Structures are given as C-alpha cells and as structure tokens.
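Here the structure is laid out as structure tokens; the discussion comes afterwards.
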Amino acid sequence: MATAVQTVERENYLNSNYGIKSWLLTTDHKRIAILYLISITAMFWLGGFFAMMIRLELLTPAGDLISSDTYNKLFTMHGIIMVFFFLIPSVPAVLGNFLVPLMVGAKDLAFPRVNLLSWYLYMAGAITALVAMVTGGVDTGWTFYTPFSTTYSNTHVIGAAIGIFIAGFSSILTGLNFIVTIHRMRAPGMTWRRLPLFCWANYAAAIIMVLGTPVIAITLLLVALERAFHIGVFNPQLGGDPLLFQHLFWFYSHPAVYIMILPGMGVISEIVTCFSRKRVFGYEFIALASIAIAVLGFLVWAHHMFVAGISVYAALVFSLLSYLVAIPSAVKVFNWTATMYKGSIRYNTPMLYAFGFIGLFTVGGLTGIFLATLGIDVQVHDTYFVVAHFHYVMVGGMVMAYMAGLHFWWPKITGRMYPEAWAKLSALLVFVGFNTTFFPQFILGYMGLPRRYHAYPPEFQVLNVLSTAGASILAVGYVLPMIYFVWSLRYGKEAGPNPWNAVGLEWMVPSPPPTHNFDETPVVTWEAYDYEHQPQEEVTVGH
Amino acid sequence: MWKNLPLFPERASALAWQVDGLYFLLIAVSAFFTLLIFALIFVFAVKYRRSVHPHAVQIEGSLPLELAWTLIPLGICMIFFAWGSLIYFQEARPPKGAMEVYAVAKQWMWKFEYENGQRDINQLHVPVGRDVKLIMSSQDAIHSFFVPAFRIKMDVLPGRFTTTWFRPTKVGTYHLFCSQYCGTDHSGMIGQVIVMEPAAYQAWMSGGASSGTLASNGQQLFQQLGCATCHRFDTQGRGPNLTGVFGKPVLLEDGRTVIADENYIRESILIPGAKIVSGFKPIMPTFQGQVSEENLMALVAYVKSLAQAQQKGAASDNSSVPDTPNSQ
Amino acid sequence: MQETTESVGHIVPAKLYVTIWAILMAMTITTVLVARADIGPFNVVVALVIATIKATLVVLFFMHLRYSPKLTMATVVAAMFFLFLLLGLTMTDYLTRAWLTNPGY
Amino acid sequence: MATSDIGDIQVAERALQHHFADMEQQRDTSSFGMWMFLLTEIMFFGGLFCAYLVYRASYYQAFVEGSQKMNIVLGATNTAVLICSSLTMALGVRAAQMGKPKLMVILLLITILFGFGFLGIKAVEYHEHWENHEFPGPNFHFETGNPAHPASDPQHTQIYFSLYWAMTGLHALHMVIGIGLVAWLVIAGLMGAYTPHYYNPVENVGLYWHFVDLVWIYLFPMLYLISKKHGV
C-alpha cells in the first residue's frame, strides 16, 4: 500500500507556492491548519505563562508575589486564552482541518474560503481579547458571572467579551464546515460505518460548535449591552436574574468541554488501533458514544449551578442527566482498553501519550461523577477539587490527546520524523509533572480551599508547593517538543508516506500531501482500521 | 489542632458524616475503576508487546461486554444519585425550630445579625448542637457561604434571599470562606464560625450591647416607613393585614397562589406591583433604594414574628385572622 | 448527491406560492383579531399556534423544505429540538423554584 | 429546464469549484451549508427567546403593560410587508431556476423595496418609543398612560423593552444584511451570473431572507400580542 516513491522535488502543499501572500490568502485546508497551529501555539505559551505566574504566587500562603488584582487578571486571562483560544480550536482547527478532508477522501473542506474566514475571525477575536488584556486586563474569571462582570468589575470586560464573541463565529464556521464536509464530501465507498473514528469525533464536536456557540455569543453580547446601556437583563439591581446568565452561559460552556475532549478521543481511537495493529473494539459503540456525548452534553449544564440558588428539583433532574453523559465516556475508555487485548503493541511516542490520556481521562471522568453527585458537589463546588477535575479532563485528557495527535501526524504534516527518544522523555515528563501538579488539588479541594484564591490559610501550603513543583516539571515537558519539532523541520529524517504503517486514506498520500490531496478520487473498499490486511513488514524509520 | 499537612477536613456538623460516607464510597469505586484500567493497560501493553506477540488477533467487539460496561456503571451511578440527592434535600430543608441568623455579604466581608439584634462581622457565633438556619443576601456581586467543616455551601445572591442550615456538633473555630469569585479581595473574604458550648454562647450573647431584637427593629421601621398606615391589624386597611401571613399560601389578584416566604416578603417591599394580593389595589409605592439589606431583613423578621405570635395565640383565638388575607 | 436526482432544484408552481402567501396574510389578520378578544390563557396558545403554522408554511414551501433532502429536514428538526432543550430545561428551574418553601419556624 | 444551452453550461462550469465532483454535489453542499448556518441563527435568537420566556413567565403583568405600548397596526403591517417580500423572494428564486434573469432582477428589486419598507416602518416605531423614553437605560421612564392603573412594575417593564429592542434590533440588523445580499444578487444577476444550472447564491440568500421573515413571525405575537387589552 505504500505507493508513492519519495522524490526530492515532488510538489506538495508546502512547496507549491511561496511567499507570505500564498499563506495568508490560501484556501488549502492544510495550510490553514498550519496557520492555526502557529496561532494556537502562541496562545498556549501565553496561557501557560499566566499559569506559571499563578502557581508561583501560590507557593506561599500570603499574597506576596503579585497584587490580588493582578492575580485575578492572571487567572481570568489564563482561562479565557486556554479555553477559547487554545482548547476549543486545538484538535479540530489544527488536526481536524488537516485530516478530515484527507480521511474522507476529499480534496478540501466543503467551504474552503469560509475555512480561511474562520481563521481570520479567530485572529480578530484573539487580537481583540489580547488588546483588552494588554490595555488593562479583565478580572471577571473566564465565566463572566453577572452582576460582577456587568456592574462591579472595572476592567475591560466588553473588549474580552467581544473578542470571544468574534472567535465564537470562527468556531461556528469550522463546525459547520466539518458537518457539511463529512455529510457531502465523502469519497465513493466511504460509508458512515467506514468513517475513521476521528471524523466521527470531530463531527460530534462540530454539532456542539454549531448549536452551542451561538448561545454564548448572544449571552456575551447581552453582557456587553448590560455594561454599556444598563439594560437590566442580568442585573439584579434592575430586576434581572443573574442565574439566567449562568443558565445561558453553561448551556454553551458545559457542552464546550465536549468540544474540547471529543476530538481528542478521536485522536486516541486512531492511535490505539495503529499501535496495537488491531481493528478497534466496538467501532459502532465508540462512534455512537461520540454522538451520545454531544447530545447528552446539552442536557447537563445546570450541574454547575447546584449551589447557585436554582430550584432543588431542577438540580435533581440535572444531576440525573449528568450521570448519563458519563456513561458513553466510560464506554469509550473500556473499548480502547479492549482494543489493546491480543494486539501487537508498540511503544512509540503517540502510544505513550495515548496511555497517558486513557489513564488521566479515567481519573478526570470519575471525579466528574463526584461533581454530579448532589451532596458531594455542595462540598467541592468552586474549590480546587473542581480545578483538579477539569484539568484532568482538559490537560490530562485533551492536551495529552493533542500532543499524541501532533506526534502521530507530524510526519504526515511536515514529512519529517522527530527524535523518538526525546519525545518519549517529554511524554514521561508531562505525565509525571501533570499528576504532581493536579493530584494534590483534589485533596486541597475536599479540604475546602476555594478556587481563585490569591492568598490562602497556611495549612494548605504543603500541597500547593507540591503542585507548583509539578507545574515546573510539566513546563519542561511542554518545552521539549517545541524544540525538537522545530529541530525536525530541518534535521529530521524523511518520514515517507506511512511511517507507522497505519491504515487510513491520509497515509496513502505522500508526506507532506500534495496540494489537492488526491490525484484521483479514491474509492474505499475496506473497513475502518483494517489492520488484518495491512502488510506486517514495517518501514523502519527514525533509528 | 492543625498539623503541618492535613489531608482531610474536620467534621463538625451533623451532616458531615453522611457527606464523608458517600465521599468514601465514591473514592472506593473510583479507585477500583482507575486501578482496573491502569492494570489492564499495563498488562496488555506488556503481554502483547510487539516482540512477543507479533501478530494481532482481530476482534470486532462484543455486545455482551458493551452492555455490561454500559449498564453496570449506570447502575452504580444511580446509587450515587439516590444517596447524593438525599443529602442534598436534607441540606435544602432547614428543620423547624432552627435558630435564625441573617447574613449580608458584601465586597469583601460578612455581616451577621442574630435574632436578638446583636451583630457580628466576619464571625459567626453559634451554640453547639442547635440547628442554625442562615438567611442570606448580598449587597453587590454573588458570594458564596462555605464552611468546609460543616460540608455546606450556598451562593449568596443580590436581589433575593437564599438559605442554608447546619447543626454544629463540635466546639471549635472553623473556616468560613467566600467560594464564589467576587472581585479584588475575594480571598480576603474569609471569616470564622465559632461553635461554643451553650452556656458560653449565652454569656456571649448577653455580653453584646444590642438595641433590641431584630424583629423589634423591624417593628420600628414598619412604623417609620409608614407601612402601618395601610397594613393595619384589622380588615379595614388599604393593604393586607400581615398578621399570620408568613409561611402561608397567599391568593393573588391574577389567580395564582404563592407561599409567603422570605423572598415573597422581600419582593413585596421592593416590587409591590409584581404580586398583588387578591382584593387589593396596586397602590403600594416601591421601597427600592430606600431600605438597606439589613433593614429588609429586620422587616422580614418582624413580619415573621407576627406569624409566630399568632401561632402562639392560635389556641386561644383561632378565628381572628384568616389564612389568606382577604380572600373573598 | 445521494438523495436528489434532479440537477436543477424543484420548481414550485407560482400559483402555489401565491396561495401560501394568501394563507399567510389571512392568518396575520386572524391573529390580530383573535388577540383583541379575551379568551384567557388561550390567547397565548392561539397566537403561538398561528405563528407556528405560518412558520411551517414558510419553511415547507418558500424554503422548499418539502422538496429538499431528508438531511435538510433533519437539520430543521435538530434546531427545533435543541431550542426546545434550551427553553425547556431552563424553565425546569424557574417553574419549580417556588415548590420548596421553608416555613422556617 | 428546456432553456439550458451551451452558454449556460459554460457559466456553470466556471462556477464549479475544484474540490467538487460536479455541480450537483456543489449545489447540495452549499444548500446544506446554508441550512446549517440557519440552525446556528436559530440558536442565536434562541438565547434571547429563552430570556424572554423566563421573564415573561415571572413578570407577566410587567410584560403586558409594556406590550400595550406597541403599535399593533404598524406591527401587523410590517408582518404583511415581510410576507409579501417572502413571496417576491420565492418567485425570484423561481425565476432564476427557470432561467429568466430579468424577471429575477425585477422580483429581487421589489423584495428590496419591501425590505426598506419594513425598516422604515420599524424606524417610525423606534422613534415613537425613543420619544416616550421607552429605551432601557438611565433615561428609561414608563407610564401606562392610564391614571387608574399606574405602572405596576416599571423595573421589569424595562426588561421587556430591553428584550424588545434587542430582539427587534438584531432582527433589523439581519434585514439590513439581507438587503445587502439581495442587492449583490441583483448586480450579479444583471451581469448574467446565474443560470438554471448555477443559482446557489440566489437560493441561499432566499433561504436567509425567509428565515428573517420567520423570526418576525414569532416576534410579532411575542412582543405585540401579549394581552387582550390592546389599543387602550
């Protein structure tokens, strides 16, 4: 199946055209993916820098390193940048953009110009938010709770809200493009049952992007109007109900965590099969679990509001529904584990990250059950327990999956291999550093340390120091790939079209792929993850 | 009391044991599944590594297994759901006869006012073994009343009352945190709950110089603000007679019935036109901006005391005040 | 690609469009007239039912949903479903808040 | 169908983008994309509908008093104007389908006229509310105009007006965008861009226009027809 012979001057999407204009005006989904990769990486480091500042401040119980106002702005900007400008676009806009058309056998996404527009919207939103941050910052928390954000904060709330509003449309358009592409652009023979699970996962995430994002857009618009014109909708002084804001905010922002995690789950499905050389266990169940998570994810939002003063009967309903959304996630974890059973397993870097993902996501998911449980949530709500839980899902899950995916498809994207030994070391550092950072926070949370505290009582110090120490290990784990990825662009070994000997349409085109992906439209005649019929001999690379 | 590295919060309320019990169960179940997954990954990764197991065995899947790992976790979750909800509903329903403390949260402090009119800032004194109900509201942003040792937390909202309750079981001093982010000094909005022996509590209570009970302050306000001119204690007033109203259903002009709870009294003072009692005209002026949160609480306490007085006198004089004021 | 066979979309007779238009106009007048009468809670019901019939006619005929692929129909149904979730689940909170009142003494 | 000739097919081929197999796939795809976009629009307005529902359920009387300030005659007229514009839009799409570009341009121009008519009437209403201080904010002032029934809850009536302005304002913004899009179709149509084989833009703008009509079909009863006591 390894068809293409590597020639030196083969035309590909990277060398087909040069110059800044050929990038900024490109409609090629692969180049747009690269644009996203660069922009979200910048945002990741910015958000990471804020995180480091937060952790340094928390080394000591007293608020001595930075002022409380600065601290409040730091965690707000950390949240806004990481959630809206890194996690939500990460896998969909980079890997999804690059891979979904290749995987379904299309020459591009359905609306290439809309795709480019969505990158520009992302940049416009990011710049607006950054300007708001540079010129004074925002201190409302990424959740913008009213009436604090509408009445009591003296910072650039409107600027940040408008930034997110604009970036929201970027997300909507990406989601729309994926849904239409997956429905309408599949190659002949690429039936729904043969669709790679990465596409299923991105499809599910796209459903949420399309349905949820407009609601947060209008909500933030109302917050901006409330600040500017005092319209009263969210302001209790003027008769509004602040809980309505929370309902509307979480209607999007809870499903949004599934926008983040679902594509990551898709990445893991690809990697576990490839490095176990096996068909995925329970294909239909994993695929349907993605859709189930997307739909059920819309039914659980008020579990963020159990102690906010909502009706206890509504809390009952939302608690019950929250357990339901945990089930498909559990189904996925079990299926990935079962996929490894009687496989033929290699420990390449992407697989190491995948191991890490499954383990950390399991912890993140199970602690989510704690939060769905009404009596327990009362104790741990708005404490470090919640912080630890969502970092286990977002960083332990999502960022791990993103790193796994980057390492898996880096040879496809750039045509080069990275140094495997360094990559394995960094995977290990990330795993160790992550657990050291965030596990202590579960304990802190149940003990009652509230989140967003600039200073804290002294008995919480030891665990906080441990957490900060872990964060520094984690930082090293993230810096390393940055270095060797850039290094590999020049010095990495040529990867060849299929370095992992994987199945899937994206591995049948040369690396890097040609501009139009496929010289002729492929016809799919095999099932997904058909490793049975893939030759066992491996192309040896990277040694 | 605190060692250098405490790993678990103190348990100082009647409810804490229940919460912890469920918490331990959750930890046990979570640990089991986490270890299960970790162990399976480890065993598979070693046993089926490429060098010893070069040819994978292709397996499509298994319906019984899928059903098992869908239904078993679901069943376990339903246990958590039932137990967690039971605890939550206990927390939501203060027992009858609880002593009431009014709390006002503002950036960035807690103000407490006891039934006898005594006030406290950032400290809440309570006797051990008594049920304590808190009636809370905020002057500005949303705050949250959180006492980890009692395992309770409730957001404190502007524009309405929220309530929570606890029964302290252990004498001591416990953290009171604001757990809902509320601005610059959010982390400074902490205080103490001081649980005292009943005798010590009595001594502390009588030591403070208070200018009358909360309800009597409310009564004074009721006169000062002119409420009494319309809300007379007979049936001739232009507004409903408030005796015995609290805690009872009220028939409204538009046909709905509401329970006259704290929030209803509050709304009736601030937005009188929102819920007009059946048979009355919407003529009451709003007191929005004229009564502070503290004064509102005093008025509520007064209206409440009218009902309690009536309940006490109910045995002797049952027919003087109808349940629903003026329901013709 | 899979669902439709015609290369040019379905052409609806102009007469049908005009008929739909006439019905819509008539219903607009009806809804205004009904609103003037007092039929209690049914005022809302009638207004919303009429609005929904009007919307359905617009979607089915003016927007060609009747002649569109099933996928388009599914999109519309999905939109209605999730809008209903947003409204319905939010109202579970607001409509049941008053259920639990604490006499408190 | 019968009017297709070599020239039409050439126009169509030029319009075929490289990543589609044929015109049919392109047409299906663009139409589906437009429906997806409208779905996001429904959710966008959905947030406001949700706020409306919550406050109307909680403060019915305040909403009734606010709605009595609406001019039903103008509101109903505007509903009729929009329905008429939808008719001309639908007929315009039909003309494009049948290969009658001149007829299409005329019908679209009439649609634009209706669009401006709607905005004009809306502007009159807005002006009236503005003059009466029925615009949320520090200058908001509300009286029922009936001394026997003073405003019972002006605070929540202000929320009614906030939602009124937000919903109708957002709707009007969509109208403005719609008029721009139809104008673009008119220009492209005059240049002969559309044939029975390629008229996706006309179809999609048509969908958008009808959607905007559809939103108004709900806004009208929600905002104008809350209670019987109209035209006091």
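All of the numbers you see were taken from the coordinates with simple rules; none came from a lab. Please read these numbers as outputs of a predicted model, since none were measured by experiment. Every residue, glycine as well, gets a Cβ built from its backbone with ideal geometry; the counts of neighbours run over all protein chains shown.
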Note to self: Testing the spin-label approximation: label points 7 Å from Cα along Cα→Cβ at C:PHE42 and C:LEU16. State their distance in nm.
What the structure shows: 3.4
Margin query: Run the paramagnetic zone check for A:ALA124: 7 angstrom along Cα to Cβ, then residues of segment D:166-205 with backbone nitrogen under 15 Å.
Written below: D:177
Margin query: From the phi angles alone, apply the Karplus equation (6.51, -1.76, 1.60; θ = phi - 60°) to segment D:195-211 and give each ³J(HN,Hα) in whole Hz, x where the residue is Gly or Pro.
Written below: 9, x, 8, 9, 9, 3, x, 4, 4, 5, 5, x, 4, 4, 4, 5, 4
Note to self: If you fit an axis through the alpha-carbon atoms of helix B:16-47 and take the longest principal axis of the Cα set of chain B, what angle between them do you get, 0 to 90°, nearest 10?
What the structure shows: 20
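Applying 1/(1 + (r/R0)^6) with R0 = 41 Å to the Cβ-Cβ distance of B:VAL52 and A:LEU14, what FRET efficiency is obtained, to the nearest 0.05? It would help to have the intermediate numbers written out before the result.
Working: r = 40 Å, r/R0 = 0.98.
So, using R0 = 41 Å, E works out to roughly 0.55.
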Notebook entry, point to check: Rounded to the nearest 0.05, what FRET efficiency is calculated for B:PHE24 and B:ILE283 with R0 set to 60 Å and r the Cβ-Cβ distance?
Noted result: 0.55
Checklist line | Euclidean distance of C-alpha centroids, segment A:154-220 and segment A:516-532, integer Å | finding: 26
Next item on the list: For C:LYS70, list the lysines whose Cα falls under 28 Å from its own Cα; do not include residues on the same chain fewer than 8 positions away.
Entry: A:LYS107, C:LYS15, C:LYS54
Note to self: Can you find, among B:GLY226, B:ILE152, B:TYR302, the residue sitting farthest towards the positive end of the charge dipole of chain B, where Lys and Arg contribute +1 and Asp and Glu -1 at Cβ?
What the structure shows: B:ILE152
Next item on the list: Would you mind giving the mean number of other chain beta-carbons within 10 Å of the Cβ of each residue in A:448-461, as a whole number?
Entry: 6
Margin query: Could you tell me the center-to-center distance, by alpha carbons, between segment A:115-129 and segment C:36-105 in angstrom?
Written below: 34
Checklist line | Pair B:ILE59, D:LEU16: separation of 7 Å Cα→Cβ label points (nm) | finding: 4.9
Next item on the list: Bin width 5 Å, alpha-carbon pairs only: give the P(r) of segment D:44-224 as whole percents, running from 0 to the bin holding the largest distance.
Entry: 1, 8, 16, 17, 15, 12, 9, 7, 6, 4, 2, 1, 0, 0
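Which of the helices in chain C meet the span-like rule: DSSP H, Cα axial reach of 27 Å or more, Kyte-Doolittle mean at least -1.0? Display every interim value, and only then the final one.
Values: long enough: C:14-36 (34 Å, 1.53); C:70-96 (38 Å, 1.55).
Within chain C the helices that satisfy the rule are C:14-36, C:70-96.
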Notebook entry, point to check: Under the Kirkwood approximation applied to all pairs of distinct alpha-carbon atoms, what is the hydrodynamic radius of chain B in Å?
Noted result: 23.6
Next item on the list: First check a/c for segment C:12-63, with a ≥ b ≥ c the square roots of the eigenvalues of its C-alpha gyration tensor; if it is under 1.5, answer rounded, and if not, answer prolate when a/b is larger than b/c or oblate otherwise.
Entry: oblate
Note to self: Taking a ≥ b ≥ c as the square roots of the Cα gyration tensor eigenvalues, with a/c under 1.5 meaning rounded and otherwise prolate when a/b beats b/c, else oblate, which class fits segment B:215-275?
What the structure shows: prolate
Note to self: At 222 nm, what value in deg cm²/dmol follows for chain A if DSSP H runs of at least 4 each add -39500 (n - 2.57) and the sum is divided by all its residues, to the nearest 500?
What the structure shows: -21000 deg cm²/dmol
Check: So what's the back-of-envelope 222 nm ellipticity for chain D, counting only DSSP H runs of four-plus at -39500 (n - 2.57) apiece and dividing by all residues, rounded to 500?
Finding: -26500 deg cm²/dmol
Note to self: With angles folded into 0 to 90 degrees, how steeply does helix A:197-229 sit against the dominant principal axis of chain A? Use alpha carbons for both and round to 10.
What the structure shows: 30
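Which ordering of A:VAL233, D:VAL124, A:VAL333 is given by a fewest-first count of other beta-carbon atoms within 10 Å? Before the final figure, lay out the partial values.
Values: A:VAL233 30, D:VAL124 12, A:VAL333 22.
With the sparsest Cβ surroundings first, the list reads D:VAL124, A:VAL333, A:VAL233.
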Checklist line | Computed magnitude of the charge dipole of the protein assembly as shown (debye, nearest 20; Cβ of K, R +1, Cβ of D, E -1) | finding: 840
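With +1 assigned to the C-beta of every Lys and Arg and -1 to the C-beta of every Asp and Glu, and no other charges, what is the dipole magnitude of chain C about the Cα centre in debye, to the nearest 20? Numbers along the way, then the final one.
Numbers: 6 positive and 4 negative charges, 33 e Å.
Charge dipole of chain C: 160 debye, to the nearest 20.
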Checklist line | Added length on full extension, which subtracts the Cα-Cα distance from 0.36 nm per residue, B:ARG119 to B:ARG238 | finding: 39.4 nm
Check: What does the helix-only formula give at 222 nm for chain B: each DSSP H stretch with n ≥ 4 adding -39500 (n - 2.57), the total divided by the residues, and the result rounded to the nearest 500 deg cm²/dmol?
Finding: -12000 deg cm²/dmol
Note to self: I need the shape label for the protein assembly as shown. Rule: rounded when a/c is under 1.5, else prolate if a/b > b/c, else oblate, with a, b, c from the alpha carbon gyration tensor.
What the structure shows: oblate
Item checked: Spatially proximal lysines relative to B:LYS111 (Cα-Cα < 28 Å; intrachain offsets below 8 disregarded) -> A:LYS73, B:LYS96, B:LYS133, B:LYS153, B:LYS170, B:LYS304
Next item on the list: Report the label-to-label distance for D:HIS149 and A:ARG193 in nanometres (one decimal), using points 7 Å from each Cα along the Cα→Cβ vector.
Entry: 6.4
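When A:ILE179, D:ILE72, A:ILE259, D:ILE179 are ordered from fewest to most other Cβ atoms inside 10 Å of their Cβ, what list results? Mind dumping the intermediate values first?
Working: A:ILE179 23, D:ILE72 17, A:ILE259 31, D:ILE179 20.
With the sparsest Cβ surroundings first, the list reads D:ILE72, D:ILE179, A:ILE179, A:ILE259.
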Notebook entry, point to check: Quick one: putting +1 on the C-beta of Lys and Arg, -1 on the C-beta of Asp and Glu, what dipole do you get for segment B:214-312 around its Cα centre, in Debye to the nearest 20?
Noted result: 260
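Can you give the FRET efficiency for A:LYS493 and A:ALA62, using 1/(1 + (r/R0)^6), R0 = 41 Å, r = Cβ-Cβ distance, to the nearest 0.05? Don't skip to the end; give the middle numbers.
Details: r = 52 Å, r/R0 = 1.26.
Plugging the Cβ-Cβ distance into 1/(1 + (r/R0)^6) gives 0.20.
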Check: Which residues' amide hydrogens lie under 5 Å from the amide hydrogen of A:ALA455, considering only partners 5 or more residues apart or on another chain, with H built in the peptide plane?
Finding: B:SER187
Margin query: I'd like the mean, over residues of B:140-149, of how many other protein chain beta carbons sit within 10 Å of each residue's own Cβ.
Written below: 6
Next item on the list: Using amide H atoms built 1.01 Å from N in the peptide plane, name the residues 5+ places from B:VAL250, or on other chains, whose amide H lies under 5 Å from its own.
Entry: B:VAL258, B:ILE259, B:ALA260
Next item on the list: Return the long-range amide H neighbours of B:LEU124 (sequence gap of 5 or more, or a different chain), with a cut-off of under 5 Å between placed amide H atoms.
Entry: B:GLN192, B:VAL193, B:ILE194
Notebook entry, point to check: What aspartates and glutamates could a cross-link reach from A:LYS424, if we take a straight Cα to Cα line under 17 Å and drop same-chain neighbours fewer than 8 places away?
Noted result: none
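Taking neighbour counts of Cβ atoms within 10 Å as a proxy for exposure, in what order, fewest first, do B:TRP69, A:TRP301 appear? Numbers along the way, then the final one.
Working: B:TRP69 20, A:TRP301 26.
Result, fewest neighbours first: B:TRP69, A:TRP301.
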Next item on the list: Give a residue-ordered list of calculated ³J(HN,Hα) values for segment D:103-113 (Karplus: 6.51 cos²θ - 1.76 cosθ + 1.60, θ = phi - 60°; whole Hz; x for Gly, Pro).
Entry: 4, 4, 4, 4, 5, 5, 5, 5, 4, 4, 4
Check: Roughly how many Å is it from the Cα centre of segment A:430-493 to that of segment A:322-351, as a whole number?
Finding: 25
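Give me the percent relative contact order of chain A, please, defined on Cα pairs under 8 angstrom at least 6 residues apart. Could you put the intermediate results ahead of the total?
Working: 949 pairs, mean separation 99.5, N = 543.
Value for chain A: 18 percent.
Please report the antiparallel percentage of the DSSP beta bridges confined to the protein assembly as shown, to the nearest 5.
Here the antiparallel bridges make up roughly 70 percent for the protein assembly as shown.
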